Amino acid sequence: MLILSSLLLFILLAAARDEFQEELVIRPLHSGDIYASFQFRTLWDTDFLQEGQKVSHYRLFPKSLGQVLSKFSVRELHISFTQGFWRTMQWGQPFIPSPPGAELWVWFHDTVSDVDGNWKELTNVLSGIFCASLNFIDLTNTVQPSASFKPLGLGNATDHRFLRYATLPREIVCTENLTPWKKLLPCGSKAGLAVLMKSEKLFHSSFHSQAVHIRPICQDEQCSSKAWELRQTLNVVFDLHTSGQGKKEWSLFKMFSRTLTEACPLASSSKVYVDITDNPELFELSPATPLLGQAVVLGDRRTYSVYDLIMPTSSMVLSPCALGDMLRPLLHAERYVAGFGLQTGEIHTVIYNNHPYRAFPVLLMDSVPWYLQLYIHTLTVTSKSRDNKPSYIHYQPAKDRHRPHLLEMLIQLPPHSMTEVTVQFERALLKWTEYTPDPNHGFYVGSSVVSALVPSMVAMRTNFTQDQPLFSSFVPVKEESSYFVRVYTEPLLVNLPTPDFSMPYNVICLTCTVVAVGYGSFYNLLTRTFQVDEPSPPLSKRLANLIRRMRGVPLLT
Amino acid sequence: MGLLSDPSRRKVLTGLLTRLNTPICIVCYLAGIVWFMGLAFEPFTLRTYMSENAMGSTMVEERFSSGERALSLAKEFDAHKRKAGGMPVEWLVKAMQSRGLEVFTQSFSRKLPFPDENKERYMVRGTNVYGILRAPRAPRTEALVITAPCSPGNTNNQAVALLLALAQYFRNQIYWAKDIIFLVNEHDLIGTQAWLEGYHHTNITGMEYSPLQGRAGSIQAALSLELSSDVITSLDLVLEGLNGQLPNLDLANLFYAFCQKLGVLCTIQGKLQRNDWDTAEGYTHAAQTMMLMVLKQACGRSWGDHGLFLRYHIEAASVRGINSFRHYKTDATTIGRLLEGMVRKLNNLLERLHQSYFFYLLPSLSRFVSIGYYMPAFGLLAVILLLRVSFPGLCHCFSVSLQPSSPGVLTVLTPVVISHLTGVALYLLPVHLQEMAVEHFPVSETEAVVLTAIAIYTAGLALPHNTQRLLSGEGTEQGWKVLKLTALLYLAVLLGCTALINFSLGFILAVTLVPITASITPHMPKALYALVMVLLSPAFTILYCVFIYQELIEAPVSVSEGWMLFLSVISQGILDHALYGSLVYPLLALFIYPCWLMFWNILFWN
């Protein structure tokens, strides 16, 4: 009895430090759209990084993920499912960027001996957990970036042998991916902010992205104890133009067809932030809140109205919108395929630095499937029509059917400039079984990734405090003067030379006829010499000749 | 083929071919012509059908209703166009922005090699305005394009206005899976060319343009809209593109299906469809429609803005509103609905259009002739050349001439090289010598170019008298046979390749070139045959085509008007080559004409 109760006490004590926070940020965008970003953060106070420690007790942290972490010795895991493309020119930077389709990157522990094997099993397990086609991740689309993807959590592992990165640009995200994602939340979608997540509304939007980030972090500033952090984020951009019939008025109910009533009972904090930085006097919030918060996010100081869900509210915002002009985000990138015809082409990646006077370096990472055979000698980097020599190039050539190309470059972007990276490629002719069922749709090339420390307009906060809003504390800030930004370009759709699969019968008939009848007989005619044959002598004569030959007498003719 | 490996039967066969060579050739020629004319006969053709599943059974309900608004927009656009004295760029940018598109502009400039007198332009400067409607939750990988040219004067205002009205309507719909690009291009084809080159970052024609800022992935299909009146009687579908390329037949099927659904009169080559195929008039009508298509395709130019898209593997067609003051009228709302339906079906596409035919002829919108049906017509003509090659005298002398000691090869080489040099001169000199010509003669630049071309062409006829005698003395009997053999094989390869790419051009050239080239020898009455040869030379073929075309579009011309048209066709051909990369002019100048000159040499062989 005593043992049992002390065990219970121990468990309770240990579990008491698990924590769950939820947060919703609503930001009216420059283009008139509404950006809603959910973040759910679960802290799991356990440290199975140490050898031999077996964890079997789960309180808030989803067991399915916890088991995956320990089984595959995962140090850090980032997975995102995105439907749509984040329009940087109209919407500015997102809180957490993600490329169209599915993206997965994982850091394994340095104790793992068979990383590729672990990676393969992990993708298959995750594909089951998230109901996604992550099992299509194999060696042909996996790369090991040397510099672009550093661990975001504790520990500074730099050996990129333990990193795996893969994207599936074709992956389509739908409700079947949302449901398992919601199930990972402690309250599910029954209480708290998650009640807003009705799929018919979330997928009736311009952009939808959901992600799971798991990493080890410090529990306190001294970093005396470690914890696992699970961040689930969901970003949606609602198009007021199509749904609002021209009115620039929105409410939670209009966007999600639900209102907020209560916080998740398990949550230690549950907040709604409404960004009112752009012309706050024009906003009319109802109900009004006296609570204003400020946060520095992505190099910009923003003001927020904060609603704490202790008091039930339903918020309504009236906001006039300035339509029209494009934004000029400090860092912006786009990509396209140049040229025509089905033999060669050229990939152009254009990176814009819109900072008026500061130059800064960016890391460009390109992972190109093997069936686009890159001519790496044609790689050029030009800024302001001058050659721009990258200070670091990491290139791993592709192996046909085994490994994609990986190209990483550190490029210095001059202030207020456009930098163009071009490389030519040849389109491979695939084996006929390697074509997808819809070969004329084309083949996808994943987004290239531009990572940079962008000079900040305001001082960034470097110390880590708990009361910071979640959305501004994801990427650790190391210095005051700059902040980390990752920009994904659009994926490419490239047509490869495709045989006409609809008429194999005709083709087989034609080729067989040509080969058999045409070529065969012409070959015959050309190689053979024809001569008139004497009719063979009758059997009796041949016998007689045989005898004569034995006797040595002249033969009969 | 056992027939060929049996020596005695082979002898019989070759004997038969030798003896009956001429009759067989004549029969083949006539059969080719008859086969071709038979293609327009309805029972011999196939009914068109939608091959693409994604566009077939899915029903689309059209709800576009702001046709009236489009027409008032057209008036506004017209006013701004007049005020700006060209394309009202700022107004268009604002109009597109207010409709929720991402708007970009592209400026371009192009100096033509010589002034274009038809369109009165030399230094062309312009701006393209395009707006991209971003599809929700789409990753910017696929796009559709709708273009309307901003033409000078009163034309095409309604097209631009309808484009804007459609943009507004489309912006409020949620079902888009592909981005839609609305392009208003200035200076018709030159603007389209600049935009396409900018979009694909290529430069094949020496155009100067500013780089594009916004893109939307790979373009799947494009529609070009030309509309110049508030109501129309019929919609005409234009398919012929650059170098005789055609879009996938499914695009035509799609247009036809929606015309049927919405009850809009639709035409092709400006000709309505008739149902009385069993009467003589019905057949003639179908034959005329098909002949028009053949002529348009053969000339290798782009007959609308769509034609330039085809090079980039983008299926495209032009829809042209015709107002012929008949009773039957269609309003702008219906046209808008038709386009809405077409764009929505294209939006449903999972793959590029590839299911249906790329090589076809259309005797009417509901009937088509596929490549398998029309190729035999050309094959029957081409086989004549091969039969003449196997003509006994020729074959024998070839094997002799191949021996290194024989002088045959050299005698052949001289006329071949000289003919081709003439061809190169015909290709290069007209454009490069224009300044000199303008200085010395009282003509404009355009006239100078065309007249230089004709002068070089004519000068080429004088060559055979001087060349051989100069270089190799007396021509031998064997010499001309080797030359004829080479020329026949050369022509067969040329025509065969041309017909594979552009059937119409290959067929027309075969019809005129084959009879004379097959029968030519030096032992014929020279004056008579020289006349016949000239009358069947490539230049005269163009002249005949001009007259036949005018006859077919029911605008017959007198001889002098026809001559003027002929001159402008030549200048247009040279311009098309320089501006858009059309290949007909270089093909004729560098290959067909030298080949014809080789036969001309045979006639005057001494």
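Observations
- Ratio of Rg to Rh for region B:470-549: 1.04 [Cα atoms; Kirkwood radius as inverse mean 1/r over pairs].
- For region A:473-557, a simple Cβ point-charge model (Lys and Arg +1, Asp and Glu -1, everything else neutral) yields a dipole of about 1280 debye relative to the Cα centre.
- Scattering profile of region B:152-193 at q = 0.15 Å⁻¹ [log10 I(q)/I(0), Debye over alpha-carbon scatterers]: -0.48
- Within the same chain, lysines fewer than 8 places from residue B:481 are excluded, and of the rest, those with a Cα less than 26 Å from its Cα are B:11, B:526.
- Average other protein chain Cβ within 10 Å of Cβ, residues B:312-319: 1
- For the peptides B:432-442, B:313-323, A:544-554, the ranking by mean Cβ contacts within 10 Å, running from highest to lowest, is B:313-323, B:432-442, A:544-554.
- For the segment B:137-150, counting C-beta atoms of other chains within 10 Å of every residue's C-beta and taking the mean gives 5.
- Compared with the alpha-carbon gap, the fully stretched path from residue B:489 to residue B:210 is longer by 95.7 nm at 0.36 nm per residue.
- When you count the other C-beta atoms within 10 angstrom of each residue and take the mean per peptide, B:298-308, B:114-124 line up highest first as B:298-308, B:114-124.
- Computed from the C-beta positions of residue A:536 and residue B:14, the FRET efficiency with R₀ = 30 Å rounds to 0.55.
- Anisotropy class of the protein assembly as shown from Cα gyration tensor, a/c 1.5 cut: prolate
- If R0 equals 30 Å, the separation of the Cβ atoms of residue A:249 and residue B:331 corresponds to a calculated FRET efficiency of about 0.25.
- The alpha-carbon of residue B:81 sits under 30 angstrom from the alpha-carbons of these lysines, leaving out residues fewer than 8 places away in its chain: B:94, B:111, B:119, B:329.
- Helix B:89-98 and the longest principal axis of the Cα set of chain B meet at an angle near 60°.
- Equivalent ellipsoid semi-axes - Cα gyration tensor, region B:214-353, angstrom: 25, 20, 14
- Most to least packed among B:187-196, A:102-111 [average Cβ atoms within 10 Å]: B:187-196, A:102-111
- 0 to 90° range, to nearest 10: angle between helix B:157-171 axis and chain B longest Cα axis: 60 degrees
- Take every pair of alpha-carbon atoms less than 8 Å apart whose residues are at least six positions apart; their mean separation over the length of region A:52-190 yields a relative contact order of 29 percent.
- Between residue A:431 and residue A:261, the modelled label-to-label distance comes to 6.0 nm, taking each label 7 Å out from Cα in the direction of the beta carbon.
- Estimated buried accessible area (total), pair A and B, 1.4 Å, Å² to nearest 100: 3400 Å²
- Cross-link pairs exceeding 30 Å in C-alpha to C-alpha distance, out of B:178/B:296; A:190/A:254; A:254/B:261; A:183/A:399, comprise B:178/B:296; A:254/B:261; A:183/A:399.
- Pairs of Cα atoms nearer than 8 Å and 6+ residues apart set the relative contact order; for region A:337-404 it is 26 percent.
- Other protein chain C-beta atoms within 10 Å of residue C-beta, averaged over A:530-538: 1.
- Bridge orientation summary for chain B: considering DSSP beta bridges with both residues in this region, about 55 percent are antiparallel.
- DSSP beta bridges confined to the protein assembly as shown are antiparallel in about 85 percent of cases.
- Taking 7 Å steps out from each Cα toward its Cβ at residue A:378 and residue A:70 produces label points 5.3 nm apart.
- Length available on full extension from residue B:59 to residue B:46: 0.36 nm per residue minus the Cα-Cα distance, which gives 2.2 nm.
- Degrees between helix B:445-460 axis and first principal axis of chain B (Cα, 0 to 90, nearest 10): 20 degrees
- Partner lysines for residue A:226 [C-alpha distance under 21 Å; skip if fewer than 8 residues away on the same chain]: A:54, A:63, A:71, A:150, A:478
- Modelled this way, with points 7 Å down the Cα-to-C-beta line, the labels at residue B:119 and residue A:159 are 6.6 nm from one another.
- Relative contact order (%) - region B:498-549, alpha-carbon pairs under 8 angstrom, separation at least six: 33 percent
The values are calculated or read from the model by the stated rules, or taken from the named source; none is laboratory data. None of these values were measured; they are calculated from a predicted model. Here the Cβ is made from the backbone with ideal geometry for all residues, glycine too, and neighbour counts use every protein chain on show. We work out accessible area using only protein heavy atoms, side chains counted, and drop any ligands, DNA or RNA first. Shrake-Rupley method; radii C 1.70, N 1.55, O 1.52, S 1.80 Å.
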